[in-house]
Each structure stands twice: as structure tokens, then as C-alpha cells.
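Structure first, commentary second.
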Amino acid sequence: MISRWFPYSRLRREQNCTRFTAFILALIQALGWIFLRLESPRWQALREQHRRLYPHLADKPSTIGDPLRYTVQTLWLLLVRTPNQNQIGRQRFRQRTARFFTALLMIVQRPWNLLSNAFAHLPTTLSPQVTKGSHWWDNIQWPLRKGLYIAMGVLALALIVLCITEPFGFLAQLVFVVLLWMLAMLVRRMPGRFPTLLLIVLSVIVSCRYLWWRYTSTLNWNDTFDLICGLTLLVAETYTWLILLLGYVQTSWPLNRKPAQLPADTSQWPVVDLLIPTYNEELSVTRGTVYAALGIDWPKDKLRIHLLDDGNRPSFKTFAEEVGINYIARTDNRHAKAGNLNHALKLLDGDLVAIFDCDHMPARSFLQLTVGWFLRDPKLALVQTPHHFLSPDPFERNLGTFRNRPNEGELFYGLIQDGNDMWNAAFFCGSCAILRRTAIDSIGGFAVETVTEDAHTALRLHRNGWTSAYLRIPQAAGLATESLSAHIGQRIRWARGMVQIFRTDNPLLGKGLTIFQRICYTNAMMHFLVGLPRLVFLTAPLAFLFFHAYIIYAPAVMILLYVLPHMIHASLTNSRMQGAYRQTFWGEVYETVLAWYIARPTTVALFSPSRGKFNVTAKGGMMEENQFDWQTAKPYLILSVLNALGLGFAVWRLFYGPRDEIFTVIVSVLWVIYNLLIIGAAVAVAAEVRQVRNTHRVLARLPGAVKLADGHSYPCELVDYSDGGVGLQLSQALQLPVGSPVSLILQRGNREFVFTGTLTRSHERFIGLSFAQLPPEEKIAFVQCTFGRADAWLDHNSGFEADKPIQSLKEILALGIKGYYRLYEYLPAWIRVLAKPFLHIFQWLGSFLPRMPTSTPLISRPVSRS
Amino acid sequence: MITLSLRGVRGGVGTSSTLAALGHALHELGQKVLLVDMCPENSLGLHFNMDLAPREGWARATLDQQPWHEQAWVVEPGLCVLPYGQLKPSEVFALDALLIEQPKLWTQRQIALAKGFDWILFDLPQRLPGHVSSPHCRISMMVINPDAACHVLLQPQLAQTPLFLVNRFDAASQLQRDLLLIWQQRYAHALVPVNLHADEAMGEALARSEPAGRYAPASLIALDIISLASWCLLRGRRPA
Amino acid sequence: MAALPTAVQISADILSRKERADDIARLKSMMELHALEYVDVSAHMELLQAFERWPLLAYLEAQYKKPVDLSKDPEQTP
């Protein structure tokens, strides 16, 4: 009894408390028993939920700080809504307040919902009137109609100019942006493309107004230093504004082209030369591509496969002879890939040229889906299909976003190219594409002047009146770059090449392009100039915090009233247009990582396009263990130290700076914190995660069957495959020793194929088979049953979550914190020893923070292993 | 009620085993099924752990002018087997002649059975034209094995049987794959889209006196048979 | 023993197995290319090779084709 009321000895014995702590805690408990009647049923019910309500205290040894922790957590529990609150007291009070607030909210919400629902149904309710109206409109005579068009255009333009240029005071601006925002929120719910255009218009107005205001009233002309800093930021902002506008034009109306039907008579199908250029890639990678190419459904006498080996390697020659494809090598490797292709073209005479990088495995339906358009449109020079990657790129691998978030390429191949296609400006991406031979010959072969021969070739084709097409059906898959440094190296090459084209063969100038083609090409090239502006944004608030430079010479409230609508509208519009292909804010991380590295080469290329050979960073091999890429992360570490210093300055300014600047300091601090977290996310990318396997496993759900040596067969589900084996899920466990032979029956279309492999692992209902010993012809069949399936890459985006900007922001910020934590883990031991006490203090302080009660009791679940 | 018959293109292609397994699978899918043994060998019941060659059966009863429908055995509620009964060779021919004489005999019986069953499955013999032609079935399938002999036999068969069912397909065999490809090409509409794979479990099932689906429910052949049953259900639902 | 799937579930699973096995059918349905006429060239090639491999099959094929070909296009037969 005593031990229950005054658990001093138990605390001493079981929890190892000091005499003082044990005495105080026991005393508090005793007081509780005396004054609170803890034995009553209500208190008992509460005590039973101890683990749920106080999750962080349940298994913790008792310490002197616990009473405070209990107090904080209890207050927290009383204030926030808990997932399961049935048994907790004061529920009625909370319900009443909640009801009051919902009622209050409903006053606003109900008309809003009515209004927005009306907007959502607007297109259907309006459509009869609209059709009637358009009839009436069509019946008007053309000169009159033309006049009306012009009048409406002039009126709209005048109104827009007024909206952009009219200077507003604080209140007027507030009303203006709130109205526009409400309009956007209403329009957002309407389906269809017209509301998207409306959102674009709103966003353009708000952004233009912001920029106008920035140019006219936020520069401090009296102070040279302020002016320089302010102008630098303004130039960077103008750049993003331009990219935003060009992007709207580019992607406002994606074409969603469908394949064109081929004639039923296969003798009318054109002859295709399929080129697989290679330079230093491994044979094991190239093999899969060749096998897949051999499986393409095209008449054998009309499909010629050529392996273009710039490395001149005997092993490639032998392999080509083995599988019966053409082998082309050359003595020099001038002009790299473009030279390699041009050299091969001299030896070939097919009607069409399909190009696959040596690690891009084509699906068997590639040619039948793409070639139709060449027959339908005699001026068509190019059909491009998406590049799909079956392995995670360094971002996806290091951030753990593979298969659940769209990656960097998703936006480009999912939307931008489709948008380009609308304006006949879809361009060549070097692989997974097919071109018309006469078109290439007419421009003198693939362009060799720049390091991005693909885009330059497409530009020349367009200049010469050829058209292009983009087919958004993933019909090939390849390997992503292995390491961050290799990835950055590749992007540097693209950036440099695109800027080179921008300088030497500017799409805005010269003959033969439509205005929209010019815009699309310009945007594609300008996009790579993002490096410097991004660095400006990452350091801009420091100019004020360090040097007290007024970079935006305006009251902080006005800045917010102008800049927030600009950002919110852009984000709303882009979320609607690109929601399926990218997540808001993730692009910032991609850009931030690349910014430093592409800033220098692009700037150099911009001023002297022929100069500056920036060696591509060495291609990293497999990440054998977790490691931190210090070399790559260095610029970001410096940036984060600078921003952290900025925070220090901010604290100093808060206490010792002028009173009227406090709000400005706070805004700057928020900006710096955002920068710090984005940089943190970039740092997180540099912590390279170990790659577990040599070959990349592709997840799949394919029906199949296994046949054992004793003649028994069982149905199974193919859950993953690589070029050397498969993982299978059976409906019941098989008792088989590792190493026993097992045959796998796979279906493709109506046909069945059998592959005999050996059992490598068996865990309950999951087994793994290795196909290392397959003869070559069966390997071809295996690739055709797996990587080469027509539908192999169609559902790659099924795991993507819909874009939710707020959620996305939270994730990015959490990622930033994680980045710093990862950095800490990789720090040298002595720094960690120094940092440890501080970290302990933080942890100790953190232990006082309240926690959200868990809704269900925690049961440890076995983590599935594969 | 839907009637279905299976007949081998030749002996030994696995007709009875397939019929027994199909009957069991349809029953598993919630159907009331009657299996009728039309073969004088009188051995369909073996698949359901019944006696070898029972004396009584529908053929015996028909010849003896007895009530034929009393001869059915209930294996499980909703799954019945009607044996052939023991006949002397001469009696078999007499019955065959009788069936030719009265072509409506089984049609009338089918109408009588319509209330009690969703499916009636007939195991047809090789020869005996009266036995073969007597039941008029909504779905008649000819069971074939993917071998050259069956391929030869198929050539003149095309006109008579609307559907071919491939049994004992082993995808590892080049010849079998090739034959299947030819058949898919040539008899695209006549070939049942479900192939029954060669599986040791099918042979073992008979040795255990069980239909394959009950003996080895996890086996590939059991899945194939269920697929076949599902296909039959879909096809049966379609207006003829 | 775990609960067995019901009959309806079994059929649904089997139908989905069949659908997932056919890559061209899935391509058509997922990309909404219902009108696409796909030529399975690899199957056709395999068919030609089959007749090369097995003379009896080639012989029977000729027997099977002959009357059809004659009635359709008598000029083309050598």
C-alpha cells in the first residue's frame, strides 16, 4: 500500500533515480493520491490510457523534469483535438466550442461553397447558351466580327495595362489581391481547359503587376550599393518572371497526340535503321538493349539493327556477330555521339532512323506506334517518345522518392514536350526517337557544333520547314545516372550545350520558325540559365542582414502584399497545369542542387560560346556504401553557413537595430530560414545512399507459373525482374532447397515462354530465380517477356501522389532538417564530439515538447524483407 | 441450364479427367452440376471416389425400361454424377441404334433436368455415333493434345466441332509451342482461349480418386480449370 | 485456415490474370488506342520458322491452304 502511495523505494530500485528525484516524484504522487482521489473510476480510466496519451513518457525512466513534461503534455491534450477522445473529460465543453466555431465558419463557408459549386457546374449549365451564342457569333459577317475582335482585344489590353500599372495604396492593393485570389480559388474548381487559361491570365496579371511595382517603386536610387543589390535581385526576378510566362505559353495546351495507324499491308511499311550508339558503356548494359531491339515487332527484312561502337572494342564486335546485328566502328571519335551517328548514316540507306542510347531498352511496340505519323505527314522529320528510367536517379535514391514522386524528367516528358508538340516544337532528346532519313540529310546530318547535338538538330529541322511530333507513351526504359556527381556532370553538359545554341543559333533570330516555336526553344534554353538567379535568391536577404542594404526599397507589408499573391497565383496555376507531373517546391531542390554547378559554365558559354571546356565530372560507379559527397556539397555548405550567419545578424538587428525595421527583419528571417531548409534539402541529396544490387530490379505484377523438376506446376505472380533473375510470389509456400532447378512460364500476348533457372532464395511465399545460365536465344525471349513488353512502363506513375502544395512544402522543410541531420552523421568525429553537448541540450529541450497521442496502441510490426 | 460436352479427338487425351475437374470447378463457383458419363467404359465416377463400373446407370436403365434419373449419385449437394451402367458390347450397339432412332431422347431428358441443375456436362465417347450426337449441347468442345497426331486428326474435324480445348500443354516443348501457334492462327475463333497445362497433379488426382481442383487446389492445372470454368460461365451467359 | 475467396473473387482474379498477360491489349486499354491494329510480327516469324522446323506441319499447312487459295485467287498459285 505504501509503495503505491509513496513509491520512493520503487523509483530508487527500478528507475535508478537519485534520492532527491525519487523523493520529489514520490511526494508529488502522494499529494496526488491525497487531494485528487486517484482511485476513482474516472482517474482509473485516464490512468489506463497513460501510454496512449503520454507516449513519450511511457517507457522513459523517471527524471526530475517529468512533472513539467506531464504538465506541458496535459495542457496540450486539453488544447488540441485528439484522435480518440471519447473517454476524456471536458469533452462536452470542447464540443460546444467546436460547434460554435464551425457555426461561425459556416456563415462564411456556406455561401462560399454554394458559389464554388455553382462555378464547378458552370460549364454544364452554360453550354446551351454558349452554343447558341457561338452560332450567333458565327453568323455575323467577317469584317464586323473582325472589328469586334479588335475592339474586345483593345479593351481587354487596356484593362490589363490598367490592372498592372495602377499604383495602389495599402488598402486598395489588399482588396485587389484578395479579389483576384478569390476569383482564382473559384475558377480552380471548374473542369476543363478554359478555366486553366483564366487562371493563367490571373497569374500573369498579378505577376506583371508585381514586376511593374518592383521596377517603378522599390529601387533606392539614392544609394549606389542598395541600387546594385536591388537591381541584381530584380534582374533575377525578371528572369523567373520571364520563365514563368514562357512556360505558360509552352504548356497551356498540351496536344496529347495519339499514334497513327499503319497500313494493314506490311510491305508498305518503311525500312528502319535502328542505331545504338555506344562509347564507353559496359557490354552487359548494351546487351539488354540489343535483345529488346531484336524483339521489336517489325518485318525482319525492314528492320536493321546497328551497334555503333565508338570505343572500337572487340568484345562488342563479337557480340554483334553472335546475335546477328550490324557492327559499325570508326577510327577516331570526332564530334562524339553526333559524329558517331553521322558516320553510320554514310553507310546506311533506310527510310527512317531510330536511335536508342545503349542503355535504353525499346518496347516491342515502339515502331508500330511511332512510324504511322511518318506515312501520314510527309513533312514530319521526328517522332520523340519519353525517356523513362527504370532505376532511381541520385535524387530519388538519396531522398527515397523513387516511384512515389514524379522526378525531374516527368514534367519535361509528361507535359512540356506535349505542350511543345502543340506548337510543332517538340524537340529531339537524343534517344528513344525516330527520324526521317531525308530530313537529316537535308540539314547535313546531325549537328556537331554544340555538345547538345539533339536539340540543335531539331532546331535546324524546324528551321528548314520540317515538323516534329511527340508521343507521350513510354516505349523504352533506361538506367538513370548512378551518382550525384555524374548526374550534375550530365546537366552541366546539357546546360552548356543549350546556352551554346542560344548564342550561336539563337531561336529568336534567324529564318524559318514560327513565333511559338521561337518561344518554346527560347524557354528550353533559358531554363538552363537558372543557376545565377537561384544563387541570388539564396543570398538576397543577407544583403540586408549583413550590410543593411535595402534590396527592396518598400515597407515590409507592401512587399508581402505584392510578392505573396505573385507566388500564390503562380503556384495555384502551375499546380493545376502540372500537378500530375511534378510536386510544388521539389523543383526548387533540383534547381538548388544544380544552381552552383551550372551557373559558371552557362555564364561562360553565354559570353563566349566556343570557349571553356568544362570536363564532365567523372562517372561514379556503384555506391558500395553510404557516403557523403563532400566535394559536391561544398558550395551548399558555404551557402548554409552564410545563411546561418545571417540569422545571427538578424538576432543582433532585432535587439539593437531601429524599431521600425523589426518587421523587415522578421520577413528577412523567414526568407533566410526557407533558404536554409531548401539548402538543407540539397545537402540531403549529397548524402549518397548505398546501392544494394548490381542489376536494377523492376517492380511488376505479371501472371506466370512455375514448373518444378517433378512435373508439378504452380501459378505465381512475377513481382520483380532484372536482366539476371526474377522474384516470384506463389499462392503457397514451396519446400524447395536453394539451387534446385525451377522453370518459369511467362506469357506475352497469346504465346508462352519457358525459362529454366535456379532457385536462389525462398522465403515463405516469395522465391527468387536466377537466370544466369540462359542460352542467348532464351535471353532474347526473356527480355521480350519483361523489359520489352509493350505495356512495361505504362503504369510507372500509378504510385505518384497528387500534388498538394502545402503538404509538399511541409515535406520539403522536413527534408531540409533531415539534410542537416544527415550532414551531422557524416561529420568528422571531433566535430561531432564538440557538437554533442549542444545536440544534447536540444534533445533535452525537445523532450519537453508535447506529442500527439497515438490513436491505436503501438504494436511492433515485422518489417517485410525482400 | 447450360449443356456442355467434351469429346477427345482420339483416346487418351484426358477427356474424362478434364470433365470431372471442370464439373468440380463449376460447382466451386456456385453452380449445380450434373456430370453424365456417355462412355461404355463407365469410369467417370472414379474421379469422385465411386465404385469402379457400377452395374446401374442411365444406359442400363434405358435398355431395361427403368427410370433412368434414379441412377444418379450425389457427390456433394449440387454435384451429381450419372454413370453409364454395365452393358454387354452387343447391348452398347443396340443402345446406339436406339439413340439414333430417337434423336430427341436426350433433348427431352435435358428439359426434364433443367430445373434441378445449372449445368449438365457430357463425357462423350470416341466412336458410337448415336451416343455422340444424342445430347445437343450449347457448348461442345473437342479435347486435343498439342502433338502432331492430333494435328493430323484435326484436319477433317473442323466442320463438326465448334470449339477446341488444348489439354496437357507443355510450353517448354518447341513442337507444342509451334502447334499452338498454328492453331491460334488457323482456328482463332474455334480455339478455347484457356489452355490446360501439363501438370503432374492431374494424373495424381485420378490416382487419389479426386477431381484435380480438390486434390491440388493450388496447382496450375486447378487454376487453368477454374479459368476454363469462368470462361464457360461467361460464354454460357451469352445468348446462344 | 484462412477464408477462401468467394467464387466471384476467383473469377475476377482469373480474368485480371488473363488481361495482365496480354501486353498489347493492356497498351490499347491504358492508352485508349482501341482502334489500333497491332501486327504481332514476332509470332508471325515464329510461325514461319515452325513450318521450316517440322516438314509434316508444312505439308499439312499446304494441304489446308490449297482449296482456300485456289478459290480465292487462282492466278497466284504456281
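Remarks
- Dipole in debye (nearest 20) - the protein assembly as shown, about Cα centre, beta carbon charges: Lys, Arg +1; Asp, Glu -1: 4540
- Placing a pseudo-label 7 Å from each Cα along the Cα-to-Cβ vector at B:Asn49 and A:Trp630 gives an inter-label distance of 7.5 nm.
- 3J(HN,Hα) along the stretch A:460-473, derived from phi through the Karplus expression 6.51 cos²θ - 1.76 cosθ + 1.60 where θ = phi - 60°, amounts to 5, 4, 5, 4, 8, x, 7, 10, 9, 9, 10, 10, 7, 10 Hz, with x in place of Gly and Pro.
- The mean count of C-beta atoms from other chains within 10 Å of the C-beta of residues in B:175-187, rounded to a whole number, is 4.
- On full extension, the segment bounded by A:Tyr821 and A:Arg376 gains 154.5 nm, given 0.36 nm per residue less the C-alpha separation.
- Residues with amide H under 5 Å from that of A:Ala381, placed H, sequence gap 5 or more: A:Thr467, A:Ser468
- Calculated FRET efficiency for the pair A:Trp43/A:Arg701, C-beta based, R₀ 51 Å, to 0.05: 0.45
- When the stretch A:266-480 is reduced to its Cα atoms, the Kirkwood hydrodynamic radius in Å: 17.6
- Two-site FRET efficiency, A:Thr266 against C:Ala62, from Cβ-Cβ distance with R₀ of 30 Å, rounded to 0.05: 0.85
- Counting, for every residue in C:32-38, the Cβ atoms of other protein chains within 10 Å of its Cβ and taking the mean gives 5.
- Taking amide H as placed 1.01 Å from N in the peptide plane, the amide H of A:Val742 sits under 5 Å from that of A:Gly757, A:Thr758, A:Leu759, each at least 5 places away or on another chain.
- Over the protein assembly as shown, DSSP H runs of length four or greater, each weighted -39,500 (n - 2.57), average out per residue to a 222 nm ellipticity of -17000 deg cm²/dmol.
- Interchain or long-range residues, amide H under 5 Å from B:Phe169's placed H: B:Leu196, B:His197, B:Ala198
- On Cα atoms only, tilt of B:148-157 relative to the major axis of chain B in degrees: 60
- Per residue, the protein assembly as shown exposes 49 Å² of accessible surface when a 1.4 Å probe is rolled over the protein heavy atoms with every protein chain present.
- Counting only alpha carbon atoms, the long axis of helix B:15-28 and the longest principal axis of chain B meet at about 80°.
- Take the accessible area of A alone and of C alone, subtract that of the pair with a 1.4 Å probe, and the total buried over both chains is about 2500 Å².
- Taking the C-alpha atoms only, the angle from helix B:89-101 to the longest principal axis of chain B is near 90 degrees.
- Highest mobility in the GNM of chain B, judged by mean-square fluctuation with C-alpha springs under 10 Å and restricted to B:Phe93, B:Phe169, B:Phe117, is found for B:Phe93.
- For the stretch A:651-659, 3J(HN,Hα) computed residue by residue from phi via the Karplus equation (6.51, -1.76, 1.60; θ = phi - 60°) reads 4, 4, 5, 4, 8, 10, x, x, 4 Hz, glycine and proline entered as x.
- Per-residue ³J(HN,Hα) for the stretch A:155-167, Karplus 6.51 cos²θ - 1.76 cosθ + 1.60, θ = phi - 60°, Hz, x for Gly and Pro: 4, 4, 5, 4, 5, 5, 4, 4, 4, 7, 9, 5, x
- Once the chain from A:Trp652 to A:Leu148 is taken as fully extended at 0.36 nm per residue, the excess over their C-alpha distance is 175.3 nm.
- Of the trypsin sites (Lys or Arg not before Pro) in the stretch B:110-181, the ones in a loop by DSSP (not H, G, I, E or B) with at most 14 other beta carbons within 10 Å are B:Lys115, B:Arg127.
- Segment B:Gln86-B:Ser209, length gained on full extension (0.36 nm per residue, minus Cα span): 42.3 nm
- In this structure, the residue pairs whose Cα-Cα separation is over 32 Å, taken from A:Lys818/C:Lys28; A:Lys707/B:Lys115; A:Lys146/A:Lys258; A:Lys337/A:Lys379; A:Lys60/A:Lys818, are A:Lys818/C:Lys28; A:Lys707/B:Lys115; A:Lys146/A:Lys258.
- Modelled FRET efficiency - R0 35 Å, A:Arg503 with A:Leu774, Cβ distances, 0.05 increments: 0.10
- Equivalent ellipsoid semi-axes - Cα gyration tensor, chain A, angstrom: 51, 42, 29
The values are calculated or read from the model by the stated rules, or taken from the named source; none is laboratory data. Computed from a prediction, not measured in an experiment: that's the story for all the values here. All Cβ positions, even for glycine, are placed from backbone atoms using ideal geometry, and neighbour counts span all protein chains on display. Heads up: the accessible areas ignore ligands, DNA and RNA and are worked out on the full protein's heavy atoms, side chains in. Shrake-Rupley method; radii C 1.70, N 1.55, O 1.52, S 1.80 Å.
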